[in-house]
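As C-alpha cells, the structure follows; a few thoughts come after it.
The values are calculated or read from the model by the stated rules, or taken from the named source; none is laboratory data. These numbers were taken from a predicted model, which means no experiment stands behind them. Every residue, glycine among them, receives a Cβ derived from its backbone with ideal geometry; neighbour counts consider all protein chains shown. The accessibility values were calculated without ligands, DNA or RNA, using every heavy atom of the protein model including side chains. Shrake-Rupley method; radii C 1.70, N 1.55, O 1.52, S 1.80 Å.
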Amino acid sequence: MTWLIELDERLFFLINGLVGRSAWFDQFMTLVVGEYFIPLLLAMVLFVLWFSGINAQARERNQRAIFCAATGLGFAAAVVKLMNLGLDRLRPFEAYPDTVNLLFYACTDPSFPSNSTAIAFAFATGAWFGNRKAGALLFILAIAWSFARVYCGAHYPLDIIGGAAIGILVTFAALWVLRLVEPLPTWILKGMRRIYLA
Amino acid sequence: MTWLRWETFGADYLLLAIMVSLGVLQLVAAWRRLGGLSLFLRKRYLGYIFAAVIISGGYWLFFSEPRNIPDYAGGLGGSQLFIYTIAGIAIAGLLTIVASSALNARWGHSSTGGEEGLDALKRMTYLQAIKRGFRGKSR
C-alpha cells in the first residue's frame, strides 16, 4: 500500500504544482472547484433531461434515469458518510501545509473518499442509463469538477478514484433497488403524468 | 431546523437556482415546442435568448463575489444545497405555469387532442390541461 500512497501523492503534487502558472486558469479552477457552479449545472442537465425524448417512451426512460440518479445520489452520500466514520485520511493541505497550493477553503471532513466526486459520478451514471449523450456530458462535468478538487489542493487523486467508484457502483445498486420496488416508480410517473408534470 | 434558516448566502443561492431554472424551462419550452409553458409563444427564438440571458445573468450575479465559503462560515452544506436547489426549481416551475397560463390564455385548445402528460402542453396551457383533466374525471 505504501507504493500506492507514494504514487498518489506524487501525482497530486504534479497536478497541484501547476497552480500559479496561469492566473486565468487558477481563477477558472477556483470557480469550478466550488459547491455551486458544477452541482447546479449537473442538476440543470437532469432538469432538461426530464423534458427530453423524441416520444413518450423515450421521455419515460429519461425520467426513470433521473429517479435512478437521485437515488444514487442519496446512496453515495450515505456510503461516504459511513466510510468517513472508519477512514480518516488527512487532506493534502493538512498533511503538507507548507507545500500544497490551496485555492479552496480548508475542508474539515476526511479526504478519502471524495464526497463531491461520488455525488457527481452518481448523477452521471444515473443519466447514462437513460440517455448516453446526457450521461457523457455529466461525466465530463464530473471529471472537470474532480480535476479541480485535486488542482486546488482539496483532494488526492486516489480520493477522486475512490469517490468515482462509489458513485458508479451505488448507482448500479440504485437501479437494482428501483427495479425491486417496482411498481412504485411507475405509479409516481403515472401520477405526475396525470397532472401534466411528466 | 437550522437548515431552513433564511440567510443571505442561502437567499443568493435560491435566487440563482430560480433564475437558472426559469431559463432552463424557457429553453425546453422552445426546444420541445411546449407552447403551454412558453412565455414567448409567437416568437420561439425569444425563448432561447431569454434562457441565455437569465442563466448567464444568474451565474454572473451569484459569482460576482467570492463564493468558496465553507458551511461552518456561512456557506451551504450538502443537504441545504439540495433543498435550495429543489426549492428553486419548484418556484421557477410555479412562476412559469402561472405566467404562461395567463399570457397564453387565449391560445390553448383545451377541448381538442387526447395527449397525456407533458405532450398536452404542446396544444394548451397548464391551467387548461388541468381543467380538461377535471372535466374528464367528472364525466
task = Could you tell me whether the range B:131-138 includes any residue that is in a helix (DSSP H, G or I), without any contact (Cβ under 8 Å) to a residue 60 or more places away in the chain, facing another protein chain (nearest Cβ under 10 Å) and open to solvent by 90 Å² or more (accessible area, probe 1.4 Å)?
result = yes
ask   = Hey, A:Thr30 hits all of (1) of a type in the set (S, T, N, Q); (2) away from chain B (no Cβ under 11 Å); (3) open to solvent by less than 40 Å² (accessible area, probe 1.4 Å) but one; which does it fall short on?
value = (2)
ask   = Of (1) within 24 Å of A:Gln57 (Cα to Cα); (2) in contact (Cβ under 8 Å) with a residue 40 or more places away in the chain; (3) at the interface with chain A (Cβ under 8 Å from one of its Cβ atoms), B:Thr85 satisfies all except one. Which?
value = (1)
ask   = When you scan the range A:94-131, how many residues do you find that are away from every other protein chain (no Cβ under 13 Å), of a type outside the set (Gly, Ala, Ser) and over 17 Å from the mean Cα position of the chain (by Cα)?
value = 8
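For (1) part of a loop (DSSP other than H, G, I, E, B); (2) over 19 Å from A:Ala106 (Cα atoms); (3) more than 9 Å from chain A (Cβ to nearest Cβ), each residue gets a yes or a no:
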site	(1), (2), (3)
B:Ile69	yes, no, no
B:Ser79	no, yes, no
B:Ala90	no, yes, yes
B:Val98	no, yes, yes
B:Ser101	no, yes, yes
B:Trp107	yes, yes, yes
ask   = How many residues, within the range A:91-123, are over 18 Å from A:Asp8 (Cβ atoms) and of a type in the set (Phe, Trp, Tyr)?
value = 4
query = List the pairs whose first member sits in the range A:31-47 and is under 19 Å from A:Ala127 (Cβ atoms), whose second member is not in a helix (DSSP H, G or I), and whose Cβ atoms are under 9 Å apart, counting only residues at least 6 apart or on separate chains?
reply = A:Phe37/B:Phe63; A:Phe37/B:Arg67
inquiry  = If I ask for residues that are in contact with a Ser or Thr (Cβ under 9 Å, 6 or more places away or on another chain) and either of a type outside the set (S, T, N, Q) or under 11 Å from A:Val45 (Cβ atoms) (or both), which ones from the range A:114-129 would you list?
reply    = A:Ala120, A:Phe121, A:Ala122, A:Phe123, A:Ala124, A:Gly126, A:Trp128, A:Phe129
request  = Those residues that are open to solvent by less than 20 Å² (accessible area, probe 1.4 Å) and more than 10 Å from chain B (Cβ to nearest Cβ), I need them from the range A:50-62; list them, please.
outcome  = A:Ala58, A:Asn62
remark   = Among the residues of the range A:68-92, the number that are more than 30 Å from A:Leu175 (Cα to Cα) and more than 13 Å from every other protein chain (Cβ to nearest Cβ) is 3
All positions within the range B:115-129 that are buried (at least 18 other Cβ atoms within 10 Å of the Cβ) and either more than 9 Å from chain A (Cβ to nearest Cβ) or aliphatic (A, V, I, L, M) (or both) = B:Leu118, B:Ala120, B:Leu121, B:Arg123, B:Met124, B:Thr125, B:Leu127, B:Gln128, B:Ala129
query = Given the conditions (1) over 23 Å from the mean Cα position of the chain (by Cα); (2) buried (at least 21 other Cβ atoms within 10 Å of the Cβ); (3) more than 10 Å from every other protein chain (Cβ to nearest Cβ), and given that A:Arg21 satisfies all but one, which numbered condition is not satisfied?
reply = (2)
note = Checked against (1) within 9 Å of another protein chain (Cβ to nearest Cβ); (2) under 23 Å from A:Gly53 (Cβ atoms); (3) open to solvent by less than 30 Å² (accessible area, probe 1.4 Å), B:Gly75 satisfies every condition except (2)
ask   = In the range B:38-47, is there at least one residue being within 10 Å of another protein chain (Cβ to nearest Cβ) and buried (at least 16 other Cβ atoms within 10 Å of the Cβ)?
value = no
